[in-house]
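Visitor: This is the structure I want to talk about, given as structure tokens.
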Amino acid sequence: MPHRYESFFQPLQIGALSLPNRLAMAPMTRRQCPAPHVPTDAMAAYYARRAAGGVGLIITEGTHIDSLHAWDTDTVPRIETDAQIDGWRNVVDAVHAEGGRIAVQLWHTGRHAADPIAPSAIPAMRADGTHKATPREMGPADLDQVRDAFARAAERAREAGFDAVEIHGAHGYILDSFLSPEANVRRDPYGGSFENRMRFPLEVVRAVRAAVGSNYPIIYRFSQWKVDDYTALNFPDPEILGMWVRALREAGADLLHVSTRDATEPAWDHSDTTLAGWTRELSGLPVIAVGRVSTSASMGEARSVETTDPAPAAALIKSGEADLIAIGRALIPNPDWAQKVRTAAWRDLVPYDAKQLEALE
Ligand SMILES: Cc1cc2nc3c(=O)[nH]c(=O)nc-3n(C[C@H](O)[C@H](O)[C@H](O)COP(=O)(O)O)c2cc1C
């Protein structure tokens, strides 16, 4: 195997999670699961194809944790009813049959929901710059409900046979919006200082840990960027980032998924280390790096992108900045991404185009 890509193909053990290699499928919403939101056979085949193609860890599309305020559109899978759990079991079995592992991403859309709730009554933005509906500020009963919904969803994920859960704490959705000083202006113990703003997300991690038991792997995904603000900086410096990632570890997270739009970009101006690298160093936990692997443009910059050499991402593993690399858009037209890269045939990868999202292939 060419030396440049070797680090992608080393096995990895994280607690109870045995991974055949360092490649993950990034969670990608596909909106092809209408009511009653039971994962379909087409979804099982779609994920199984990526496992067969050599992705060691599949992370599913964001999956709504309840039918109250968690959902944004009516075409996203859920993880609530017995029928939905059976549908997910079918997906899990299909991935396992191909030798892959699979985590479900647990998603509450918060300010972006169809009937939005949020830390404060401050609306999110649409791509055209107009405001979305103003969310209702969450009261104590909402905090209890959302915390409990994450915990129940995680419990049900374990029941469905998932190898891990990923808590979606990124991109401006409910947990991330608590961290954000723009979205969270509460005057109670959940707002104000950074310590207060991280309180609710940490309570959710603890509730999930209590629900799934001590050995079940929990991944936490966080980001600086938001779907309505690519320049946001929840973590302005290593000190704040350190507080956050150490608190996540203490709350029970096993693996941190650091969502950046370019995996190789430095975390801050005047830093030569990536956000994943800083996170790994400050938390002592394994990390997943993601963003622009084998594609030429950051997410949101272009509908279609050219294919590029994934060697810089492999170098992140080698240099100790990341343990796993997640691949998003490049996996849509290339279920066999890993097989091609293994033989250095990355030039044969099919370029991503947003049109490919129309079909679940
Ligand atoms: C179509 C699409 C859907 C996405 N859906 C989700 C999602 O459900 N949850 C999430 O955390 N990120 C989501 N993302 C972000 C990706 O997980 C990933 O972080 C991003 O695409 C950057 O990786 P890439 O450059 O390899 O595509 C989505 C991205 C795309 C392109």
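Visitor: Having 3 or more residues that are without any contact (Cβ under 8 Å) to a residue 60 or more places away in the chain is the bar; report the strands (runs of 3 or more DSSP E) wholly within the range 1-90 that clear it.
Guide: Numbers: elements: 12-14, 17-19, 23-25, 57-64.
Of the strands (runs of 3 or more DSSP E) lying wholly inside the range 1-90, those with at least 3 residues that are without any contact (Cβ under 8 Å) to a residue 60 or more places away in the chain span 57-64.
Visitor: Ok, one more. Which of the residues that make up the range 330-348 are of a type outside the set (D, E, K, R) and farther than 15 Å from Y5 by Cα?
Guide: Taking the range 330-348 and keeping what is of a type outside the set (D, E, K, R), we get 330-335, 337-339, 341, 343-346.
Correct list: A330, L331, I332, P333, N334, P335.
Visitor: Just to check your reading of the model, which residue among H112, H96 is under 19 Å from W71 (Cβ atoms), under 21 Å from the mean Cα position of the chain (by Cα) and either surrounded by fewer than 24 Cβ atoms within 10 Å (Cβ to Cβ) or in contact (Cβ under 8 Å) with a residue 60 or more places away in the chain (or both)? Before the answer, list the steps.
Guide: Working: H96 fails: under 19 Å from W71 (Cβ atoms).
On inspection, the qualifying residue turns out to be H112.
Visitor: Taking the range 268-290 on its own, how many of its residues are under 17 Å from K318 (Cα atoms) and either within 11 Å of the ligand (Cβ to nearest atom) or in contact (Cβ under 8 Å) with a residue 24 or more places away in the chain (or both)? Steps first, please.
Guide: From the range 268-290, those under 17 Å from K318 (Cα atoms) are 272-281, 284-290; that's our starting set.
Adding the requirement that they be either within 11 Å of the ligand (Cβ to nearest atom) or in contact (Cβ under 8 Å) with a residue 24 or more places away in the chain (or both) leaves 273-280, 284-290.
Count: 15.
Visitor: Give the residues of the range 301-331 that are buried (at least 22 other Cβ atoms within 10 Å of the Cβ) and over 14 Å from R22 (Cα atoms), sorted by residue number.
Guide: If the condition is that a residue be buried (at least 22 other Cβ atoms within 10 Å of the Cβ) and over 14 Å from R22 (Cα atoms), then R329, A330, L331 are the ones that fit.
Visitor: Which numbered condition in (1) part of a loop (DSSP other than H, G, I, E, B); (2) modelled with pLDDT of 95 or more; (3) surrounded by fewer than 23 Cβ atoms within 10 Å (Cβ to Cβ); (4) within 16 Å of the ligand (Cβ to nearest atom) is the only one that S298 fails?
Guide: In the conditions (1) part of a loop (DSSP other than H, G, I, E, B); (2) modelled with pLDDT of 95 or more; (3) surrounded by fewer than 23 Cβ atoms within 10 Å (Cβ to Cβ); (4) within 16 Å of the ligand (Cβ to nearest atom), S298 misses (2) alone.
Visitor: Working only within the range 248-266, note down all residues that are of a type outside the set (D, E, K, R) and closer than 25 Å to G62 by Cα.
Guide: The first filter runs over the range 248-266 and keeps only residues of a type outside the set (D, E, K, R), leaving 248, 251-253, 255-260, 263-264, 266.
Of everything in the range 248-266, those that are of a type outside the set (D, E, K, R) and closer than 25 Å to G62 by Cα turn out to be L248, A251, G252, A253, L255, L256, H257, V258, S259, T260, A263, T264.
Visitor: Of all the residues that make up the range 246-276, how many are touching a strand residue (DSSP E or B) at 6+ places or on another chain (Cβ under 8 Å) and of a type in the set (G, A, S)?
Guide: Residues meeting the conditions: 6.
Visitor: Okay, next question. For R303, are the conditions met, namely being of a type outside the set (V, I, T), within 12 Å of the ligand (Cβ to nearest atom) and in contact with a strand residue (DSSP E or B) (Cβ under 6 Å, 6 or more places away or on another chain)?
Guide: Values: of a type outside the set (V, I, T): yes; within 12 Å of the ligand (Cβ to nearest atom): yes; in contact with a strand residue (DSSP E or B) (Cβ under 6 Å, 6 or more places away or on another chain): no.
Answer is no for this residue.
Visitor: Check whether at least one residue in the range 41-59 is closer than 24 Å to R147 by Cα and buried (at least 18 other Cβ atoms within 10 Å of the Cβ), and report yes or no.
Guide: At the first step, the residues of the range 41-59 found to be closer than 24 Å to R147 by Cα are 59.
Those still in the list that are buried (at least 18 other Cβ atoms within 10 Å of the Cβ) too: 59.
Scanning the range 41-59 turns up at least one residue that is closer than 24 Å to R147 by Cα and buried (at least 18 other Cβ atoms within 10 Å of the Cβ).
Visitor: Within the range 158-267, considering only helices (runs of 4 or more DSSP H) that don't extend past its boundaries, which have at least 2 residues that are surrounded by 21 or more Cβ atoms within 10 Å (Cβ to Cβ) and within 16 Å of the ligand (Cβ to nearest atom)?
Guide: Details: elements: 174-179, 194-197, 199-212, 238-251.
The helices (runs of 4 or more DSSP H) meeting that bar are 174-179, 199-212.
Visitor: Taking only pairs six or more apart or across chains, which ones have beta-carbon atoms under 9 Å, a first residue in the range 254-267 that is under 18 Å from L233 (Cβ atoms), and a second residue that is of a type in the set (A, V, I, L, M, F, W, C) and surrounded by fewer than 20 Cβ atoms within 10 Å (Cβ to Cβ)?
Guide: L256/L285
Visitor: When you scan the range 318-334, do you find a residue that is hydroxyl-bearing (S, T, Y), modelled with pLDDT of 95 or more, in a loop (DSSP other than H, G, I, E, B) and within 16 Å of the ligand (Cβ to nearest atom), even just one?
Guide: In the first step, residues of the range 318-334 are kept if they are hydroxyl-bearing (S, T, Y); the result is 319.
Imposing the further condition that a residue be modelled with pLDDT of 95 or more reduces the set to 319.
Next, from what is left, pick out any that are in a loop (DSSP other than H, G, I, E, B): 319.
Checking the rest, the ones that are also within 16 Å of the ligand (Cβ to nearest atom) come to none.
No, there is no match, as no residue in the range 318-334 is hydroxyl-bearing (S, T, Y), modelled with pLDDT of 95 or more, in a loop (DSSP other than H, G, I, E, B) and within 16 Å of the ligand (Cβ to nearest atom).
Visitor: Could you count how many residues in the range 1-25 are surrounded by 19 or more Cβ atoms within 10 Å (Cβ to Cβ) and of a type in the set (F, W, Y)?
Guide: Selection size over the range 1-25: 2.
The values are calculated or read from the model by the stated rules, or taken from the named source; none is laboratory data. Keep in mind it's a predicted model, so treat the numbers as computed, not measured. Virtual Cβ from ideal backbone geometry, glycine too; neighbours counted across all protein chains shown.
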